[in-house]
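Written out below as structure tokens is the structure these notes cover.
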Amino acid sequence: MLKKLSIKEQLQNLVNSPEKHNYLLAVSGGADSMVLAFLFSNLGLNFQIAHINYKLRGTDSDSDQKVVQDFCQANDIRFHLYEVSEEDQQPENSIQLWARELRYQFFKKVQEAEKLEYLVTAHHLNDQLETFIINLSKAAGINGLSGIPANENKILRPLLGYSKEEIYSFAKENNIEYREDASNKKNDYLRNKIRNEIVPKLLETNDHFLENFKKSSSYLNQAKDFIQKQIEEIENSISTFNLEKRILSKQKLAKGSDFIKFEILKKYGFNKEEEIRKIFTASTGSSFFSNDYQLMVNRDELIIINKVDKKEEEQIILIEKFDFNKVSVEINLATFITDSSEHSKSFKWSFDAEQLQFPLILRKKEEGDLFYPLLFSGKKKVSKFFKDEKLSILAKQKIWVLADGNKNVLGIIPYRQDRRFVCTEKTKHTLNLFNEK
């Protein structure tokens, strides 16, 4: 049964010393969120309230806002309001997804401005059951079936263990004013259809259905935690990693079940079955991209790195033009590139400035690049040079090419200078490039 003391116990299970933290409560005006606000107020916790008026239900939306605002005024609680306008570009479809993104952006903005550590929502046991059914229909796996977490990314949901019926009873006993959202009675959305048609039939099958579901949900969460620990142990046993990259043994991971492959690779954003199959059949040199990571196939390795920032891919102008009033100009490349990888060793190259076409730029390798390596005869493709040097895929991605205004490759930093532009006994103006940390 929902009681004032029981909610304090729930909070203590979620955070240490709840009274020492500050919170932002997401309050819509419905029974669940108004009960949440009432409980936090009675516990004397340090919190503020945020409300969004979506302007979707005319005067009803304004009435919801008034209930929340009046509660805050009566209890001297800081109130934050966001009123949706035409600038928010409401879509014709996916209104629920749009609304969710909008409110969490607003909540985050308020939290940052007010330095509020936790966001608290009023999700309850019935919400948990609805989410379970939705995820069951999507083959979401054990993580999806485990439902809404009570504490994740500093979002707290202390009412998850209580049914909607308990919340309504508590609101009635304590004379808590709230608003009913009439749109919840419509079956326009999947969740509403489950809430209004499927859940009532399930509850009819067993007087203790919700309580039993609550226990089952707890068992699933415990199983999920156990499985995750096992997956982490397996991943650590087949991988090496540092600040730059994680290397997985492709051969060892390939021997694992599809479930293990999925659980390990999904952490890096590779969560589509077809894509995972392609990863294990791809040839050396193949790359796959998720939102945040790049996965490269290198013989018996899967190399995972953070996706390269677009700024890193841009060309860097090293020198616009040479000052021929000077005999010599020196440039330290360490002030332009800050790689701490295997190819950042020291070197010093000297060029005959009169033979160069300015500006000089630093860039990454391009298709068709070739140069004339110093101390070697003939010319060589840059890609062939990489292969001969037995460079790793990661090293190839990080290497900078020095080129002039005519797209001549002047050198592969730090491995080899082009011999066509080196200084001779006739050189009058010298450009010296070096790498010194």
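The values are calculated or read from the model by the stated rules, or taken from the named source; none is laboratory data. The model shown is predicted, which means the values in this text are computed figures rather than measured ones. With ideal geometry, Cβ positions are generated from the backbone for all residues, glycine too; neighbour counts draw on all protein chains shown. All accessible areas refer to the heavy atoms of the entire protein, side chains included, with ligands and DNA or RNA removed. Shrake-Rupley method; radii C 1.70, N 1.55, O 1.52, S 1.80 Å.
Would you mind pulling out the separation of the Cα centroids of region 183-235 and region 48-113, in Å?
Their Cα centres are 28 Å away from one another.
What nm value, rounded to one decimal, do you get for the distance between Tyr189 and Phe434 when each label is placed 7 Å out toward the C-beta?
With each label placed 7 Å out from Cα toward Cβ, I get 6.5 nm.
Mind sorting out which of (i) 27; (ii) 45; (iii) 13 is the real percent of Cα pairs over 40 Å apart computed from the coordinates?
(ii)
Tell me which aspartates and glutamates have Cα within less than 13 Å of Lys426's Cα, excluding those fewer than 8 residues away on the same chain?
Partners found: Asp352, Glu354.
Using 0.36 nm per residue, how much length does the chain from Ala223 to Met1 gain when fully extended, once their Cα-Cα distance is taken away?
77.3 nm
With a/c under 1.5 counting as rounded, go ahead and sort region 76-149 into rounded, prolate or oblate using the C-alpha gyration tensor (a ≥ b ≥ c being the square roots of the eigenvalues; past the cut-off, prolate if a/b is larger than b/c, else oblate).
Cα axes put region 76-149 in the oblate bin.
Excluding same-chain residues fewer than 8 positions from Lys186, which aspartates and glutamates have a Cα within less than 12 Å of its Cα?
Glu197
Around Asn196, under 13 Å between beta carbons, what's the net of Lys plus Arg minus Asp minus Glu among the other residues?
Cβ neighbours under 13 Å give a net charge of +3.
Give me the percent of accessible area attributable to carbon and sulfur for region 144-193, probe 1.4 angstrom.
44
Assigning unit charges at the beta carbon (Lys, Arg +1; Asp, Glu -1) and nothing else, what dipole magnitude in debye, to the nearest 20, does region 203-321 show about its Cα centre?
Here the size comes out at about 340 debye.
I'd like the FRET efficiency for Asn174 and Ile319, computed as 1/(1 + (r/R0)^6) with the beta carbon distance as r and R0 of 45 Å, rounded to 0.05.
Result of the calculation: an efficiency of 0.05.
Note the full-extension length gain between Ile198 and Leu43 as 0.36 nm times their separation in residues minus their Cα-Cα distance, in nm to one decimal.
52.2 nm
For a 24 Å ceiling on Cα separation, which of these pairs sit above it: Lys154/Lys267; Lys224/Lys255; Lys267/Lys390; Lys20/Lys115; Lys115/Lys267?
The answer is Lys267/Lys390; Lys115/Lys267.
Once fully extended, how much extra length lies between Phe336 and Leu136, figured as 0.36 nm per residue of separation less the alpha-carbon to alpha-carbon distance?
In short, 66.8 nm is gained.
Leaving out same-chain residues fewer than 8 places away, which aspartates and glutamates sit with a Cα under 19 Å from that of Lys109?
Once the sequence-local aspartates and glutamates are set aside, what remains near Lys109 is Glu83, Glu87, Asp88, Glu101, Glu117, Glu152.
Under the rule of -39500 (n - 2.57) per DSSP H run of 4 or more residues, summed and divided by the residues of the chain, what mean residue ellipticity at 222 nm is obtained, to the nearest 500 deg cm²/dmol?
Computed ellipticity for the chain at 222 nm equals -11500 deg cm²/dmol.
GNM, the chain, Cα, under 10 Å: largest mean-square fluctuation among Leu24, Leu97, Leu203?
Ranking Leu24, Leu97, Leu203 by mean-square fluctuation puts Leu97 first.
Rounded if a/c is under 1.5, else prolate if a/b beats b/c, else oblate: with a ≥ b ≥ c from the C-alpha gyration tensor eigenvalues square-rooted, which is region 1-139?
oblate
Against the longest alpha carbon principal axis of the chain, how many degrees, from 0 to 90 and to the nearest 10, is the axis of helix 31-42 turned?
The answer is roughly 90 degrees.
Which angle between 0 and 90 degrees, to the nearest 10, do you get for helix 59-74 versus the longest principal axis of the chain when only C-alpha atoms count?
With both axes taken from Cα atoms, the answer is about 90 degrees.
Top to bottom by accessible area (1.4 Å), largest first, where do Ile148, Ile317 land?
Ile317, Ile148
With the other protein chains left in place, how much accessible area per residue, in square angstrom, belongs to the chain at a 1.4 angstrom probe?
58
With every protein chain present, what accessible area does Ser183 have (1.4 Å probe, heavy atoms only), rounded to the nearest 10 Å²?
40
Could you look at region 1-90 and say what percent of its accessible area is carbon and sulfur, using a 1.4 Å probe and all protein chains?
Reported share for carbon and sulfur atoms: 40 percent.
With axes computed from alpha carbons, what is the tilt in degrees of helix 209-237 against the longest principal axis of the chain, rounded to the nearest 10 within 0 to 90?
It is inclined by approximately 20 degrees.
Which is farthest toward the positive dipole end of the chain among Ile198, Ala139, Leu36, measuring Cα position about the Cα centre, with Cβ charges +1 (Lys, Arg) and -1 (Asp, Glu)?
The Cα lying farthest towards the positive end belongs to Ala139.
About the Cα centre, and with charges only on the beta carbon of Lys, Arg (+1) and Asp, Glu (-1), how big is the dipole of the chain? Nearest 20 debye, please.
Dipole magnitude for the chain comes out near 1860 debye.
Please list the equivalent ellipsoid semi-axes of region 156-220, computed as the square roots of five times the alpha-carbon gyration tensor eigenvalues, in descending order and whole angstrom.
21, 19, 12
Towards the positive end of the charge dipole of region 169-317, with charges on Cβ (+1 Lys, Arg; -1 Asp, Glu), say which of Asn306, Ala171, Ala282 has the farthest Cα.
After comparing all options, I get Ala282.
Using a Förster distance of 22 angstrom, determine the FRET efficiency expected from the C-beta separation of Lys364 and Lys272, and round it to 0.05.
0.20
For Val329 and Ser257, what does the FRET efficiency come to when R0 = 51 Å and r is the distance between their Cβ atoms, rounded to the nearest 0.05?
The calculated FRET efficiency here is 0.25.
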